[in-house]
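Trainee: Okay, handing you the structure first.
The values are calculated or read from the model by the stated rules, or taken from the named source; none is laboratory data. If you're wondering where the values come from, they're calculated on a predicted model, not measured in any experiment. Every residue, glycine as well, gets a Cβ built from its backbone with ideal geometry; the counts of neighbours run over all protein chains shown.
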Amino acid sequence: MTEMHSNLIKHPSIRKILEHYRVIWSLNHLSGLGNWDLETYMPEEGSEARGEALSKIASLSQKLFLEKEFVELIKESSKLNDLNDYEKAIIRMLLRDLEFYEKLPSAFIEDFVKTTSEATTVWRKAKNSSNFSLFEPYLKKIVELCKKKAEYLGYKESPYDALLDRYEEGLTTKEVEKYFASIKTILVELTNRIKKSESYRGSHSLEEEKYDIETMHKFNQKLLKFIHGELTHLRIDVSSHPFSTSLGKGDARITTRYKGKDFAGTYGSTMHEYGHSLYEIQSHNDLHYTPIAGGSSLIVHESQSRFWENFIGRSEEFLKLIYGDLVEAQPSFKKYDLSEIYKYLNLVKPSLIRTEADEITYHLHILIRFEIEKDLIEGKIDVKDLPKIWNEKYKSYLGVDVPSDREGVLQDIHWSGGSIGYFPTYSLGTALSAMWKHHLEKEIGDIPQLLKSMDGINKIKDWLKKNIHEYGSTYTFRELVLKSCGEEFNPKYLLEYLEDKYGKMWNL
Ligand code: MG
């Protein structure tokens, strides 16, 4: 048995709760593994059986959660007034889950899990053959299930609020609309100014430069070892949609994908998913096996992945550190010097694929998804019209023509997994990453300077640990920002950062 004695969690009632919770944790651990395997190594035909197993585990987990003794313990403990922040947070998270389980019938949860796990496999087929009609009936069912979910959960203004809240505690449609309104015009204008600058380049020959997949995979492993040290608690595999998952103490997993050319995609997702994993890895040891281990706010989580992807991975100083390994792995890259690789990784170009978008137009990709989801859930549009709506929005916001559903409406995995309400956290999380950058630099110095040595990289990791990771999910997104930055969330840091970086790059 693992020692349960924790210095952070001392209250006997909370410890008793955690003893019971550990069984639920174990089920979560194994469904996490089942989901990871489904995305990485499972043969295609295994999806039905996996869907069945995952849905049964989900309902078993719900049953255990709703055991009378456990529910009473949680409710009783929520009245205690001598709990520390960690203990309070455990109760807060459990009450959130409890509300979810009490409001959603177990037959509904089973149906949801089964449908989405089958749909994920169908989505992959549909995407590979660029055939939306394969996926359409599944998505239609998923949208209906999400609408039903919103009704079960309840909401004040829009049913979409209920879905947002599951990914980000308390986030509302109105807030998201206000946020996008504050950045949209400025980003469109900045993109246009860049495109009009004299030296503007919208493409780079590295986009067509082929790489060897096996040696690129070895390079990605080396890259992780370089920034993280020995990979004894972190592994990297391949999936069609990169993701990261943390199964528990000592077991964080990330994935990347390989197209065989245009290495920014695989490099960017490796850095991105590493940022997610580092959050889980650097959570306080005493929080393992509790509901507050690792990050639960998706905005905060995404602020970590975007931090590593953009401020580290896309910086000239970091590229300097890894350039030698990169050209050693892919000798054909030798014809590009460091400044060419930097330019390639920082191209600004309205494009089709969200995960490969530049730092500026990225937010417009998210805005499109947000508007579509909101309209679907509010019943203003139909699933069958999605390819047309999608293509129209890409033309109007990004000025690009979508040649196929594979590169259009089928590109993201989220809807197949029932994750409607998730996308806005990507953009908000990116805006938050710029806020962390500002405050980190104020305290320990500019990132470009820090990136000149391993010692500097460690200082960055320590700052993130101390101000963000160590707390796990102890604080909500708003509480954490206030506590660690001394001010409320503000997207102005994102706008300032982009203006400064790209203004310098293109002499605006
Ligand atoms: Mg992410």
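Trainee: May I ask you to verify whether LEU326 is buried (at least 20 other Cβ atoms within 10 Å of the Cβ), more than 12 Å from the chain's Cα centre (by Cα) and within 24 Å of VAL348 (Cα to Cα)?
Mentor: Considered against the rule, which asks whether it is buried (at least 20 other Cβ atoms within 10 Å of the Cβ), more than 12 Å from the chain's Cα centre (by Cα) and within 24 Å of VAL348 (Cα to Cα), LEU326 comes out as yes.
Trainee: While we're looking at this one, here's another question. Take GLY472 and decide whether it is at positive phi, surrounded by 19 or more Cβ atoms within 10 Å (Cβ to Cβ) and touching a Lys or Arg at 6+ places or on another chain (Cβ under 8 Å). Explain how you work it out, then say what you get.
Mentor: Values: at positive phi: yes; surrounded by 19 or more Cβ atoms within 10 Å (Cβ to Cβ): yes; touching a Lys or Arg at 6+ places or on another chain (Cβ under 8 Å): no.
The answer is no for GLY472.
Trainee: Right, next: Just need a number here: residues in the range 398-429 that are away from the ligand (no atom under 16 Å from the Cβ), surrounded by fewer than 19 Cβ atoms within 10 Å (Cβ to Cβ) and assigned to a helix (DSSP H, G or I).
Mentor: 0
Trainee: Applying the selection to the range 60-74, what residues are in a helix (DSSP H, G or I) and either aliphatic (A, V, I, L, M) or surrounded by 16 or more Cβ atoms within 10 Å (Cβ to Cβ) (or both)?
Mentor: LEU60, SER61, GLN62, LEU64, PHE65, PHE70, VAL71, LEU73, ILE74
Trainee: Right, another one. For the range 232-267, which residues satisfy the criterion of being at pLDDT 95 or above and in a helix (DSSP H, G or I)?
Mentor: If the condition is that a residue be at pLDDT 95 or above and in a helix (DSSP H, G or I), then ALA264, THR266, TYR267 are the ones that fit.
Trainee: If you don't mind, there's one more thing I want to ask. Mind listing just one residue for me: the one in the range 269-312 that is crowded, with 23+ Cβ neighbours inside 10 Å, among the hydroxyl-bearing types (Ser, Thr, Tyr) and more than 13 Å from the ligand (Cβ to nearest atom) and, of those, nearest to PHE219 (Cα to Cα)?
Mentor: SER283
Trainee: Note down all Cβ pairs under 9 Å where the first residue falls in the range 418-432 and is among the aliphatic types (A, V, I, L, M), the second is part of a loop (DSSP other than H, G, I, E, B) and crowded, with 23+ Cβ neighbours inside 10 Å, and they're at least six residues apart or on different chains.
Mentor: Hits for this filter: LEU428/GLU168; LEU428/LEU171.
Trainee: A further question follows. Quick check: is even one residue across the range 319-331 touching a helix residue (DSSP H, G or I) at 6+ places or on another chain (Cβ under 8 Å), within 11 Å of the ligand (Cβ to nearest atom), closer than 23 Å to ARG235 by Cβ and not in a strand (DSSP E or B)?
Mentor: Within the range 319-331, the subset touching a helix residue (DSSP H, G or I) at 6+ places or on another chain (Cβ under 8 Å) is 319-323, 325-327, 329-330.
From the residues that got through so far, the ones that are within 11 Å of the ligand (Cβ to nearest atom) too are none.
No, the range 319-331 has no match at all.
Trainee: Which of the residues belonging to the range 88-103 are under 26 Å from the mean Cα position of the chain (by Cα) and over 16 Å from ILE24 (Cβ atoms)?
Mentor: Matches in the range 88-103: LYS88, ALA89, ARG92.
Trainee: On the given criteria, is TYR502 within 15 Å of LEU432 (Cβ to Cβ) and either part of a helix (DSSP H, G or I) or touching a His at 6+ places or on another chain (Cβ under 7 Å) (or both)?
Mentor: no
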